[in-house]
Amino acid sequence: MTNPSAFSARQGTVKQPAYFEGAGLHTGRNTRVAVMPAPAGQGIRFRRTDRWGKGAELQADWRNCVDFPRCTMMKAPNGGKFQTIEHLMAALFALEIDNATVLMDGQEVPIMDGSAAPLIDAIAAAGREEQDAPRQFRKIERPLTVTDDRISLSVEPADRFIIDYTLELPYWGTQNWVGEVTPESFRNDICYARTYGILSVIWPALILGKLRLIPLVRGASLGNALLMYKDRVLNKGGLKSPDEFLRHRIIDLVGDLSLGGGPIIGKVTAFCSNHKHNRALLRAIDAENTAELKAS
């Protein structure tokens, strides 16, 4: 379809390499990342450059994801992993970078301050180069819904990318955000929101991860995540906005939906969805598109 006015009409890549590094939220290990220019039509590809990664290379696609708690992870056939990629994918959406090769010398994308803002800053400094190819958009033609107990996620036709997200949290009640999501609005209104954890959940997860040798929240700190205890935030300075938790869930949703190809044109309505449900919606969208192709 032709591009909505809020988006660039042509594909884009970075003008020059963009670099950042830091510790991973789950592994706690330092990783250096380089976002490199790529030709039109390539999409986003991840490549491991360290010996433990075994040269793994994967297209950023929900089909390459494997289930892992509290983040989005891709795994190559040779075992090489790319973990916690959702904030980087959201940053690339915000800067309209359609084509890039992401080089990583470790398993996990750095968590930075827990938001997408530092990643956007690093990549924006490299600049965007417009390419001689039209952008691809995924226009939603009919409503689709995925549910899991009380959690739900749906998409319906609209002429823009709209998100209606409702989050319920113990002691914090119900929060809702509705609006059109464009690269500009994401950078201005959403990208600053930090990841968060509930103290009564984080400690058991950390202990369980160590017992099972699973890297879970080993790199978490008050410098890269909001820590909640009942109705309090333990971080100095508190929240950047009253609904920062909710806005961070929108970062995750936008990043995960970016694993389906071009930007969605439709309205996404979410109730407490997580990474698993975000991918389930992409699966439903792709199944619908495949059915349409077979019918034609």
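What the table shows:
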item: Cα-based equivalent ellipsoid, the chain: semi-axes from gyration tensor eigenvalues, Å; result: 27, 24, 19
item: Taking the chain and dividing mean pair separation by its residue count, relative contact order in percent (alpha carbons under 8 Å, at least six apart); result: 25
item: Contour excess over end-to-end distance, with Cα ends at K75 and Y19 and 0.36 nm allotted per residue; result: 17.9 nm
item: For the chain, calculated [θ]222 nm from helices alone, where every DSSP H run of n ≥ 4 adds -39500 (n - 2.57); result: -7000 deg cm²/dmol
item: DSSP-defined beta bridges in the stretch 126-269 - what % are antiparallel, rounded to 5; result: 65
item: Unsatisfied cross-links (Cα-Cα over 21 Å) in the set K15/K139; K81/K276; K81/K139; K240/K276; K15/K240; result: K15/K139; K81/K139; K240/K276; K15/K240
item: Charge dipole (debye, nearest 20) of the chain; +1 at Cβ of Lys and Arg, -1 at Cβ of Asp and Glu; result: 960
item: Separation in nanometres of the label points that stand 7 Å from Cα toward Cβ, at N289 and R218; result: 3.7
item: Alpha-carbon centroid distance for the pair the stretch 31-58 / the stretch 222-275, whole angstrom; result: 26
item: The stretch 216-292: trypsin sites (Lys or Arg not before Pro) in DSSP coil with no more than 10 other Cβ atoms inside 10 Å; result: K230, K236
item: Sites N188 and R32 - FRET efficiency at Förster radius 25 Å, r taken between beta-carbons, to 0.05; result: 0.30
item: Two-decimal Rg to Rh for the stretch 1-103 - Kirkwood Rh, Cα set; result: 0.98
item: Taking the stretch 86-187 and dividing mean pair separation by its residue count, relative contact order in percent (alpha carbons under 8 Å, at least six apart); result: 24
item: Principal axis box of the stretch 117-185, alpha-carbon based, largest edge first, Å; result: 44, 34, 20
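A short reminder: the numbers here are calculations on the coordinates, not readings from a lab. What you see is a predicted model; the values in this text were computed from it and never measured. In this analysis, Cβ positions are derived from the backbone assuming ideal geometry, glycine residues included, and neighbour counts consider all displayed protein chains.
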